[in-house]
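Student: Below is the structure I would like to discuss, written out as structure tokens.
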Amino acid sequence: MNKKLLCAAMLGGLAFAGAASAQEFDDRWYLTGSAGMNIQDNNRDSRDAPFLALGVGKFLNPNWSLDAELNYQKPKADRNQDLNWSQYGISLDARYHFLAEGRNWNPYVLMGLGYQRAEEEFDPSNPLLPARFTRNGAPSVQKDGHVAGKLGFGAQGDVGRVKIRTELAYRIDAHDDSVGAFLTDDVPRDDGADWFGDVLASVGVVVPLGPEPMVPVAPAPPPPAPPVQDAPVPVTIDLRGVNFDFDKSTLRADSLAILNEALEILRRYPEVRVEVAGHTDLCGPDAYNQSLSERRARAVYDYMTSNGIDSSRLAGPIGYGESRPLEQTEQTQPGCRNERNRRTELNVQN
């Protein structure tokens with residue numbers, strides 16, 4: 001096969017994959033779980049308490065996500081910690097994520113609306129309570145449901161298959177018939193609070209459901225005009241987008257779309273053989289970078305062979321260390337930390 005035609009086909013396909021990976025987003029459903037501290041409004045007459053939350057959600061576009069979440073907390077009443085006090089609810093939370101290319105952690109803001117229910121056990125003989133609460137007998141329970149809103153901010157980061165969220169939110173709870181609100185001042189009064197404001201500090205996980213989304217395969221570009229002289233020329237396919245974190249040899253999630261496109265092209269042209277080559281930036285000792293580049297080449301080599309490309313079609317994996325940088329930089333930090341130089345290449349063999 002004409003090597004120049006092959007070069008055009010592969011570069012065209014990989015360019016399409018790079019553009020698609022920048023435009024597409026992970027729209028799989030995901031599960032969420034979080035734990036944190038509910039810092040109670042002072043007027044509730046209750047202690048701060050840990051809380052748990054479980055939910056399900058998905059991204060509607062690259063920036064907006066929508067989650068439905070259940071929450072539960074069981075604070076203790078200040079007036080008598082033997083009395084039961086529980087609060088639980090559901091909320092629909094929208095988050096806007098401020099994304100930046102190459103950044104693992106991205107901040108977001110959130111807004112939510114939901115329903116909260118409180119169950120407060122109390123002593124009906126307490127003289128501070130209004131008449132409607134007082135009656136003879138054992139401790140009674142006041143049950144009340146109400147609308148709640150939420151505002152907050154946080155950050156979400158990738159740690160492999162799962163993501164981590166850290167979040168701080170303010171929940172406005174329209175709980176207008178709370179027993180505790182009548183007991184915080186130690187004086188009788190006719191009305192309680194109309195609403196409460198609780199602070200929620202939490203850490204959680206986001207677990208996507210199903211396999212990684214696949215990027216659509218680009219059609220092969222039309223062949224170029226035949227060259228006047230078809231002399232053998234070396235063809236290097238830079239897997240642009242298949243880069244590595246500093247001092248790492250693990251394939252990042254954003255690299256898989258590019259590698260999957262390269263796999264599809266190699267399946268389309270079964271007679272083509274390629275060398276799998278790894279490279280590093282200019283930071284660190286030569287010997288260490290040589291070993292690191294070999295591990296990076298091995299990561300790509302193993303991904304290709306595990307996805308159906310016969311090892312007889314792959315030369316290597318070979319590491320070139322820091323000997324072939326795409327960009328000449330300083331050899332000291334931070335100038336030497338160049339992501340373009342931390343790369344893998346497929347070199348088409350004659």
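Student: In region 259-277, which residue that is among the β-branched types (V, I, T) and farther than 15 Å from A297 by Cα is farthest from the chain's Cα centre (by Cα)?
Tutor: Across region 259-277, the extreme among qualifying residues is V272.
Student: Please verify whether region 115-122 includes one or more residues that are modelled with pLDDT of 95 or more, loosely packed, with under 15 Cβ neighbours inside 10 Å and not in a loop (DSSP other than H, G, I, E, B).
Tutor: Yes, region 115-122 contains a residue that is modelled with pLDDT of 95 or more, loosely packed, with under 15 Cβ neighbours inside 10 Å and not in a loop (DSSP other than H, G, I, E, B).
Student: Being touching an Asp or Glu at 6+ places or on another chain (Cβ under 8 Å) and within 14 Å of E345 (Cβ to Cβ) is the filter here, so list the residues in region 292-309 that pass it.
Tutor: Answer for region 292-309, where residues must be touching an Asp or Glu at 6+ places or on another chain (Cβ under 8 Å) and within 14 Å of E345 (Cβ to Cβ): just S293.
Student: Do we have P334 as outside any helix (DSSP H, G or I) and either of a type in the set (A, V, I, L, M) or over 20 Å from E261 (Cβ atoms) (or both) here?
Tutor: For P334, the condition - outside any helix (DSSP H, G or I) and either of a type in the set (A, V, I, L, M) or over 20 Å from E261 (Cβ atoms) (or both) - is met.
Student: Does region 263-270 include one or more residues that are in contact (Cβ under 8 Å) with a residue 12 or more places away in the chain, assigned to a strand (DSSP E or B) and crowded, with 19+ Cβ neighbours inside 10 Å?
Tutor: no
Student: Determine whether region 31-42 contains at least one residue that is modelled with pLDDT of 85 or more, surrounded by fewer than 18 Cβ atoms within 10 Å (Cβ to Cβ) and acidic (D, E).
Tutor: No - not one qualifying residue is present in region 31-42.
Student: Now for a separate question. Taking region 97-122 as the region of interest, how many residues are among the basic types (K, R) and without any contact (Cβ under 8 Å) to a residue 24 or more places away in the chain?
Tutor: Number of matching residues: 1.
Student: Further, regarding this structure: Scan region 308-323 residue by residue and report those that are exposed (fewer than 14 other Cβ atoms within 10 Å of the Cβ) and not hydroxyl-bearing (S, T, Y).
Tutor: Answer for region 308-323, where residues must be exposed (fewer than 14 other Cβ atoms within 10 Å of the Cβ) and not hydroxyl-bearing (S, T, Y): G308, D310.
Student: For residues that are under 11 Å from N347 (Cβ atoms) and assigned to a loop (DSSP other than H, G, I, E, B), tally how many sit in region 273-291.
Tutor: Qualifying residue count, region 273-291: 1.
The values are calculated or read from the model by the stated rules, or taken from the named source; none is laboratory data. Quantities reported herein were computed from a predicted structural model and do not represent experimental measurements. So basically every Cβ, Gly included, is an ideal-geometry build from the backbone, and we count neighbours across all protein chains shown.
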